[in-house]
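J.: Have a look at this one.
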Amino acid sequence: MTSGVVVDVRAGRVREIASGLGGLRGALIPILHAVQEEFGYVDQPDVAVIADVLNLSVAEVHGVVTFYKDFRRTAAGRTTVAICQAEACRAVGAVALGEHAKRTTGCEFGETSYDGRITLDEVFCFGNCALGPTVQVGGRLHGRVTPGRLDALLGEAR
Amino acid sequence: MRVFVPRDSAARSVRADEVAERIAACAQESGGGQAVEIVRTGSRGMLWLEPLVEVETAAGRIGYGPINPEDVDGLIAAGMLDGRGKSLGLVEELPWMKRQERLTFARVGVIDPLSAEDYEAHDGMSGLRTALTMTPAEVVEAVVDSGLRGRGGAGFPTGIKWRTVLGAEADLKFVCCNADEGDSGTFADRMLIEGDPFTLIEGMTIAAYAVGAAEGYVYLRSEYPDAVATLKDAIELARTNRWLGPDVLGSGFGFDLHVRVGAGAYICGEETSMLESLEGKRGMVRAKPPIPALQGLFGRPTIVNNVLSLATVPTILASGAKAYADYGTGRSRGTSVFQLGGNVARGGIVETAFGITLGELVNDLGGGTASGRPTKAVQVGGPLGAYLPVEQFGLPMDYEAFAEAGAMVGHGGIVVFDDTVDMASMARFAFEFCAAESCGKCTPCRVGAVRGVETIDRILTATAGTDRDKHLVVLEDLCELMTDGSLCAMGGLTPMPVRSAVRHFGEDFNA
Ligand SMILES: Cc1cc2nc3c(=O)[nH]c(=O)nc-3n(C[C@H](O)[C@H](O)[C@H](O)COP(=O)(O)O)c2cc1C
Ligand code: SF4
Ligand code: FES
């Protein structure tokens, strides 16, 4: 079965990543970042492989994966749109901007649009607090984002 | 001829990259024999002027901003590359810059952050060179004498912390830099790392020499990808230059430095939670004692300091402890890097001696609100800091004066709100944030935050009079319980924004 082969290939690659970084002090979080960077999320079978390489229990690794918001358990949409919802951006309309984004995409924060195009997220501060509202689209930061500008950015996101 | 365009992520968020590209293209097209070198710098911190382009002239650097990519052709046609046309004048002479005393931020926005030559040409490495001629104990005492206090929030004297680590016997010691900067309204750590990363590296190396540490870690939040990339590049360059490695500056002293990227947990800015995270674990807060100075990373004696604390050490060593301590007021010595954000006309970085008043910062430098409406409140010191009304604008920026007013300076972030803000919703958000970011170790914080949201909702739906007053009493009891019963300042300080909102803006809690 092809899917079995795919799983094996992924497991092999995860083992390679984990072994490559395993020598670092406190290697688990760098390994999880690297796995997510390559595959877009950390799958449950990855957890077992990483636990094996680091000689940790699956429960321990699972506990770390679920503690940190950055680590996804499923694939995200093609473009992630993260809207700052922290105080300084709230002072210049970030809550209304967030509501606008939810209406436009049909997503709540943390959800992916039905066509798999966009994942909408909230973040608490990008360190761009003098030029808010701040939005990150596919890793790029945008300041002073109005609803109109957000629509344009969402439209460009393919 | 040199043109400076910031590469700071705030400047990039308003299209600085496109401006730089357009200048390069335009200079090429016009091809008037002028070779234009574009230098990407950090930001001067006048963020409302970004993208701010500077052109080198015989008189100094002339500024143009804010510039849209579409404006570039016209500006160049009007002689921008020779410092002509409609400019802001000399950047160093702008009132915003003149009002400041830039010690920690002296090079930010001025130099190419990844040029070792630029760094040395602007006094870089002179602090470390001086330190290496002293004994470790002398370096520690210099930091004590400077009066430097931790810039991460708690304001603990940095030199005293170092003294403890120096005195601890161990096979291995660590220096950890807290670059988690999770507080909303704060961005100075990010700007320093993006604009002058060698200063942080130099400061950490001095710290390591002072206490006998061999390894250092910078815990940098994942929300700052540009800072991560810049710091990693800077560390590589520092190794190449032997500013890091087994034989720092040929002194025989060895120290190496590594970046660890956080994973989206606010609580990992708390120092013991950060250490757990650096060890590869969940960011659960540790009970103190033992203190990290004695049993920190992997149980070894560890310095944990904020980016700005460490980045201020080079100037202290280079110019002397006394020169630094001469700035400031009371027990708040030296300069602090204040950050103006939110609904403010002129947002950005203000480095100046402690003692400047809140009102001078918000009104004189910040120019009031961006919306032009009256200012209603400012939140100082991040999400765990108090909301203050304009009546308190006479408060000097000073750790003790703020504590007396039931507020805190924290990391120096000041967030401005105009009169459209609803303070009950901000108080509710403080609880929501705590509920979302609590590490879950202790009940007052984990459960209290959730109860707090519910209680505020009840206050807002209650009929005026007794019902509402009853819920306000419950809210006050809850705040007291969280303040007294929480293991760390996440739960312990969440009542600060809440109580200050009730105290100063009680009318917003009427349904
Ligand atoms: C919830 C919480 C979040 C914190 N976040 C940060 C942070 O992002 N950066 C920081 O330097 N200190 C932060 N601190 C303070 C640290 O625990 C610690 O006091 C500081 O890193 C010590 O360095 P300093 O003495 O140089 O300030 C936080 C504390 C708490 C309770
Ligand atoms: S106060 Fe909150 S964040 Fe701090 S230890 Fe307790 S549960 Fe964790
Ligand atoms: S509060 Fe939105 S970027 Fe800081």
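J.: Test of the criteria: in the stretch B:162-229, which GluC sites (Glu not before Pro) are in a DSSP loop and have at most 16 other Cβ atoms within 10 angstrom of their Cβ?
T.: B:E169
J.: Moving on to the next point. In whole percent, what relative contact order does the stretch B:243-350 give with Cα contacts below 8 Å and a gap of six or more residues?
T.: Taking the mean separation of contacting Cα pairs over the length of the stretch B:243-350, I get 10 percent.
J.: I've got another one for you. Just tell me how shielded A:28-34 is by partners: mean number of partner chain Cβ atoms within 10 Å of each residue's Cβ, no decimals.
T.: Partner-chain Cβ atoms within 10 Å, mean over residues of A:28-34: 4.
J.: Right, here's the next one. Could you grab the relative contact order for chain B? Cα pairs under 8 Å, six or more apart, rounded to a whole percent.
T.: With pairs under 8 Å counted, the relative contact order is 13 percent.
J.: Considering the zone a paramagnetic label at B:A325 would reach in this model (a point 7 Å from Cα along the Cα-to-Cβ line), which residues of the stretch B:155-197 have amide N under 17 Å from it?
T.: So the set is B:156-163.
J.: So, R0 is 30 Å and r is the distance between the beta-carbons of B:A58 and B:D233; what FRET efficiency does that work out to, to 0.05?
T.: 0.40
J.: Any idea how far apart B:A24 and A:A75 come out in nm if each label point goes 7 Å out from Cα toward Cβ?
T.: 3.4 nm
J.: Calculate how large, on average over all directions, the projected area of the Cα convex hull of chain B is; give the answer in nm² to one decimal.
T.: Averaged projected area of chain B's Cα convex hull equals 24.0 nm².
J.: Could you compute the net charge surrounding A:S19? Neighbours are other residues with a C-beta less than 13 Å from the C-beta of A:S19; K and R count +1, D and E count -1.
T.: Net charge in that neighbourhood comes out at 0.
J.: If the only charges are +1 at each Lys and Arg Cβ and -1 at each Asp and Glu Cβ, what is the size of the charge dipole of the stretch B:227-298 around the Cα centre, to the nearest 20 debye?
T.: Around 140 debye, computed over the stretch B:227-298.
J.: Please report, in debye to the nearest 20, how large the charge dipole of the protein assembly as shown is about its Cα centre when each Lys and Arg carries +1 at its beta carbon and each Asp and Glu carries -1 there.
T.: Dipole size: approximately 500 debye.
J.: Please calculate the 1.4 Å probe accessible area of B:H258, with all protein chains present, and give it to the nearest 10 Å².
T.: 60 Å²
J.: At 1.4 Å probe size, with every protein chain present, just tell me what the per residue accessible area of the stretch A:39-149 comes to in Å².
T.: Here the residues of the stretch A:39-149 average 41 Å² of exposed surface.
J.: Between beta-carbons, use under 11 Å as the cut-off and find the net charge around B:G262, counting Lys and Arg +1, Asp and Glu -1.
T.: Once positives and negatives cancel, what remains is -1.
J.: On to the next question. Carbon and sulfur atoms: what percent of the 1.4 Å accessible area of chain B do they account for?
T.: Solvent-exposed carbon and sulfur of chain B make up 52 percent of the total.
J.: Nearest 5 percent is fine: what portion of the DSSP beta bridges confined to chain B is antiparallel?
T.: Around 55 percent antiparallel, to the nearest 5.
J.: Counting only protein heavy atoms and rolling a 1.4 Å probe, how much accessible area do A and B lose on contact, total for both sides, in Å² to 100?
T.: Counting protein atoms only, the buried area is about 3500 Å².
J.: A further question follows. With Cβ to Cβ distances under 14 Å as the rule, what net charge do the other residues near B:T329 carry (K, R +1; D, E -1)?
T.: Once positives and negatives cancel, what remains is -3.
J.: Among DSSP beta bridges lying fully in the protein assembly as shown, give the percent that are antiparallel, nearest 5.
T.: Percent antiparallel among DSSP bridges in the protein assembly as shown is about 55.
J.: While we're on this one: Rounded to the nearest 20 Debye, what is the dipole magnitude of chain B about its Cα centre when Lys and Arg each give +1 and Asp and Glu each give -1 at the C-beta?
T.: For this selection, approximately 760 debye.
J.: Among rounded, prolate and oblate, which fits the stretch B:1-156 when a ≥ b ≥ c are the square roots of the eigenvalues of its C-alpha gyration tensor, a/c under 1.5 means rounded, and a/b larger than b/c means prolate?
T.: prolate
J.: Using Cα centres only, tell me the gap between the stretch B:19-64 and the stretch B:116-142 in whole Å.
T.: 32 Å
J.: Convex hull over the Cα atoms of the stretch B:336-393, averaged projected area in nm²?
T.: 3.7 nm²
J.: How big is the gap, in Å, between the Cα center of the stretch B:326-350 and the Cα center of the stretch A:27-58?
T.: Here the answer is 42 Å between Cα centres.
J.: Give the relative contact order (percent, whole number) for chain A; include only Cα pairs under 8 Å separated by 6+ residues.
T.: 18 percent
J.: So how much accessible area does B:D183 have, in Å² to the nearest 10, using a 1.4 Å probe?
T.: That residue has around 30 Å² of solvent-accessible surface.
J.: A further question on this structure: When you look at the Cβ of every residue in A:131-141, what mean number of other chain Cβ atoms sits within 10 Å?
T.: That average works out to 4.
J.: Taking each residue of A:80-89 in turn, how many C-beta atoms of other protein chains fall within 10 Å of its C-beta, and what is the average?
T.: Averaged over the peptide's residues, the number is 6.
J.: Given chain B, what count of lysine pairs have C-alpha atoms under 17 Å apart, with each pair 8 or more places apart or on different chains?
T.: Number of lysine pairs found: 4.
J.: Here is a further query. Where both partners of a DSSP beta bridge lie in the stretch A:23-147, what percent of those bridges are antiparallel, to the nearest 5?
T.: So the antiparallel bridges in the stretch A:23-147 amount to around 55 percent.
J.: With the dipole of chain B worked out from charges on the C-beta (+1 for Lys and Arg, -1 for Asp and Glu) around the Cα centre, which of B:L384, B:V447, B:Y119 lies farthest toward the positive end?
T.: Checking the options against the dipole of chain B, the answer is B:V447.
The values are calculated or read from the model by the stated rules, or taken from the named source; none is laboratory data. Keep in mind that this is a model prediction, so the values were computed, not measured. Cβ coordinates were reconstructed from backbone atoms using ideal geometry, including for glycine residues, and neighbour counts include every protein chain displayed. What goes into the accessible areas is simple: the full protein's heavy atoms, side chains included, and nothing from ligands, DNA or RNA. Shrake-Rupley method; radii C 1.70, N 1.55, O 1.52, S 1.80 Å.
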